[in-house]
1. Could you tell me whether any residue of the stretch B:96-114 is more than 11 Å from chain A (Cβ to nearest Cβ), touching a helix residue (DSSP H, G or I) at 6+ places or on another chain (Cβ under 8 Å) and closer than 20 Å to A:Q83 by Cα?
2. Out of the stretch A:70-129, which residues are over 22 Å from the mean Cα position of the chain (by Cα) and either away from chain B (no Cβ under 13 Å) or in a loop (DSSP other than H, G, I, E, B) (or both)?
3. Name the single residue, out of those in the stretch B:51-71 being among the polar types (S, T, N, Q) and part of a helix (DSSP H, G or I), that is nearest to the other protein chains (Cβ to nearest Cβ).
4. Within the bounds of the stretch A:53-61, is there any residue that is within 14 Å of another protein chain (Cβ to nearest Cβ), surrounded by fewer than 21 Cβ atoms within 10 Å (Cβ to Cβ) and without any contact (Cβ under 8 Å) to a residue 60 or more places away in the chain?
5. Going through B:T208, B:T204 one at a time, which residue ends up being touching a residue at least 12 places away in the same chain (Cβ under 8 Å), out of contact with any Gly (no Cβ under 7 Å at 6 or more places or on another chain) and closer than 27 Å to B:T72 by Cβ?
6. Working only within the stretch A:13-47, note down all residues that are within 11 Å of chain B (Cβ to nearest Cβ), surrounded by 13 or more Cβ atoms within 10 Å (Cβ to Cβ) and of a type in the set (S, T, Y).
7. Just to be sure before I move on: is B:G80 more than 10 Å from every other protein chain (Cβ to nearest Cβ) and over 22 Å from the mean Cα position of the chain (by Cα) in the structure I sent?
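A short reminder: the numbers here are calculations on the coordinates, not readings from a lab. Values in this document were obtained by computation on a predicted structure and should not be read as measured data. Methodologically, a virtual Cβ is constructed for each residue, glycine included, from the backbone with ideal geometry; neighbour enumeration extends over all protein chains shown.
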Amino acid sequence: MRSALLALSNETYKRLLITWSYKFNILTQLVTVGLIFIGLSFLVQGGHFEPAQSASLLLGYVVWFYARIVIMSTSGDMMRETQAGTMEQMYMSPAPGWLLLLGRMFSLLVSTTILVLLPTAGLVLLLGIRIPLHWEGLPILLITLIGLFGFTLVLSGMALVFKQIDALADLVQNLLLFLTGSLLSIDHFPAWLATIARTLPITQGIEVLRQVMLNRQSLLSAWADGSLPWLLINSAIYVGVGWLIFKWCERFARHKGSLGQY
Amino acid sequence: MLNIFPTVQDTQPPAIEIKSLSKEYGRGQHVVQAVKNIHLTVPAGQVFGFLGANGAGKTTTIKMICGLITPTTGRICINGYDVARERAMVMRQIGAVLEGTRNIYWRLSAWQNLMYFGRLKGCPRKAMITRAERLLQELDLWDRRYDPVRLFSRGMQQKVAIACALITDPPIVLLDEPTLGLDIQAARTVKEWIARLVNEQGKTVILTTHQLDMAQELCHRVAIMRKGTLLADQPLAELLHLFRQEYYQIKVQGLLTHSLPEQYQNFTLKTDDTTTLLSGPVDQQSALYGLLSHVSQLGLPLISVERAEPNLEEVFVHLIETGRKEENDEKRTVGSLQ
């Protein structure tokens, strides 16, 4: 337990230090993200801006922004660490591989949460958007993020084997913006597209989060209508499949000798 | 493997034991054999030089020792622990600076790197801090310990990488071309540091380098690889002594301007204003007489003929050339049979 905590804190500390060293880049990114949200709000609301109607959009956008940072960081980190040789050093730790991976994921969660909270707070204060804070939203967000991290395990594994996955990661995060109901609820999608959308990593999380946070739906009610069980199943599948694919890719990379190649 | 030399038993128990190690990449017709069935024993408390041209299989072998590449066949034991089965214990035995210009986080300071890698490798906090302070002071980095590593010179960065490999005080240190790209002063510092690791701290150092003069100065034992095959694995002194028996220096009056016959291509020529010194291996007495006859025909008076001790570079070149010739002979034989 102590070694697990040590691994988590060590990775988190390192990530925060490195993130801080890129502070000006990150500040620019955060401003860009805020501006894109304002632009999207006008677009979705037909050229008007209604703070009351923007809450739903902001919730979806925030979850997508989480996904964007996690996906882009995962592929970028793998690439950078392979080039730097620190990836191989990491694999030379006596700690078990799953613990190191958990440490990386946890550190990414912490740093991403900080990065997401900053523009969200800025937008809420600047544009007067009211998002009711209910504790029920927290477990929903956590389950959604667990599924998202499961999904990024697939990308991490691919990065170990194929290396150049930046473009793929960029494509994926852009697709998620439009296909997961981040901007527009999937109720407005054609049935076939809505079905596909529900299988994606953050779609169900966004839907349940909106119900719980904005429409005051209880967790019991979300469980009863099947939306919460599907969210749980969806996240569990992503974690399970992601883990299997990552381990397979890791094994393949060791056989291929590509852990340190780029 | 070409068994050119008899194996000499070292007195200390081995730090690394490699048995029947092979690594193949690719499949079918595109198989590349990076390492071919090598057996190796690295004695503890010595500098072990792993030499070979680019693509010889050194780095692949080092990475298999570190558990970063899975061997196709064979077994590696580090201080008695099996790399495939006892990974955690193996990782506690080794520290490594792998090939390449980095190994550390350039955005972090030297101190932050040491703390991060120390915790990553499970080093207790108190011991880690004491050791980090000592390493930074000994490597002359103490005054700049809080500066980001990206602002350091190449030599200083390499020192930080070495310090990170040593933060857990591992008994075995693997250094893959640690002086690559360093200036003379920085390379000297690294070299002195390697010698201290072994002489003062009793560590085992596995060193791969193309700087054979450095290898000759530091190594107790060397292994020479070519195309995945181990050509030699000997204590350095014995290796040089073995070659002494077939290594000659011939000094003649005047300047040798003609090239030597093909069979003497391994010879090196050094000239000054009045004499020429020919140094090289002669495997048969008749070949020596043949060479003397050749210089005599050129009208160059003979000054001296001596049996001499070659340096590691000359032995290395000779072994590589021998390996190449044998490979060509094999190909010719196979070709004629087909």
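1. yes
2. A:G85, A:M92, A:S93, A:P94, A:A95, A:P96, A:L125, A:L126, A:L127, A:G128, A:I129
3. Taking the stretch B:51-71 and keeping what is among the polar types (S, T, N, Q), we get B:54, B:59-61, B:70.
Imposing the further condition that a residue be part of a helix (DSSP H, G or I) reduces the set to B:59-61.
Values: B:T59: 9, B:T60: 7, B:T61: 11 Å.
Looking at residues that are among the polar types (S, T, N, Q) and part of a helix (DSSP H, G or I), I get B:T60.
4. If we filter the stretch A:53-61 for residues that are within 14 Å of another protein chain (Cβ to nearest Cβ), which is where we start, we get none.
No, the conditions are met nowhere in the stretch A:53-61.
5. Every option except B:T208 fails the conditions.
6. Within the stretch A:13-47, A:Y13, A:T19, A:S21 meet the criteria.
7. Numbers: more than 10 Å from every other protein chain (Cβ to nearest Cβ): yes; over 22 Å from the mean Cα position of the chain (by Cα): yes.
Taking the combined requirement at face value, the residue satisfies it.
So that you can scan it fast, the table gives a plain yes or no per residue for (1) among the aliphatic types (A, V, I, L, M); (2) touching a Lys or Arg at 6+ places or on another chain (Cβ under 7 Å); (3) within 30 Å of A:W248 (Cβ to Cβ):
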residue: A:D166; (1), (2), (3): no, no, yes
residue: A:A169; (1), (2), (3): yes, no, yes
residue: A:Q173; (1), (2), (3): no, yes, yes
residue: A:L177; (1), (2), (3): yes, no, yes
residue: A:T180; (1), (2), (3): no, no, yes
residue: A:S185; (1), (2), (3): no, no, no
residue: A:L193; (1), (2), (3): yes, no, no
residue: A:R198; (1), (2), (3): no, no, yes
residue: A:P201; (1), (2), (3): no, no, yes
